[in-house]
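Chemist: Below is a structure I'd like to ask you about.
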Amino acid sequence: MDDWSSVRLCDVVNLVLSGVLFFSPWLFGLSTGAPWQTASVVGIIMAAVSIAALAAFAVWEEWLNLGAGLILIASPWLLGFQDSDAMTIDVVIGIAVAALAGLEVWLTRQDPRRDHGASVT
């Protein structure tokens with residue numbers, strides 16, 4: 001695999017999804033309160049983890065993204081969102097992020113050298 005393998009592509013997609021999540025209150029006119037705060041906080045965390053993964057890949061970063069995705073999926077019910085648009089956005093982005101993080105972990109396990117930062121030829 002080269003430097004722009006599917007693992008890096010997943011990180012770029014996660015970075016784009018974090019931007020969409022962060023700006024979703026403005027883009028989609030979400031209500032203030034828990035939906036707004038969840039989108040902001042989780043979006044920032046996902047962006048930071050994705051940038052770190054692009055700079056220097058480590059499997060723990062993907063586990064953090066997996067956790068962020070699962071939190072997004074559960075947050076509408078845990079926090080009692082009243083806005084169905086916010087619920088849909090969080091669940092859809094959460095599923096995508098969790099799936100991409102799981103794919104990255106699986107790809108890393110297929111090529112263990114990726115986990116230790118070794119150059120793969």
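The values are calculated or read from the model by the stated rules, or taken from the named source; none is laboratory data. Computed from a predicted structure; not experimentally measured. As a convention, Cβ positions derive from the backbone with ideal geometry for all residues, glycine included, and neighbour counts pool all protein chains shown.
Chemist: Restricting attention to segment 86-112, report how many residues are surrounded by fewer than 16 Cβ atoms within 10 Å (Cβ to Cβ), over 16 Å from the mean Cα position of the chain (by Cα) and among the polar types (S, T, N, Q).
Modeler: 1
Chemist: When segment 67-85 is examined, which residues are found to be at pLDDT 90 or above, of a type in the set (A, V, I, L, M) and surrounded by fewer than 20 Cβ atoms within 10 Å (Cβ to Cβ)?
Modeler: Residues satisfying the conditions are LEU70, ILE71, ILE73, ALA74, LEU78.
Chemist: Residue under question is GLY43, and the condition is that it be under 12 Å from the mean Cα position of the chain (by Cα), touching a residue at least 24 places away in the same chain (Cβ under 8 Å) and under 20 Å from TRP106 (Cβ atoms); does it hold? It would help to see each step written out before you state the result.
Modeler: Details: under 12 Å from the mean Cα position of the chain (by Cα): yes; touching a residue at least 24 places away in the same chain (Cβ under 8 Å): yes; under 20 Å from TRP106 (Cβ atoms): no.
No; evaluated as a whole, the condition is false for this residue.
Chemist: Considering segment 86-121 alone, what residues qualify as being modelled with pLDDT of 90 or more and small (Gly, Ala, Ser)?
Modeler: GLY94, ALA96, ALA98, ALA99
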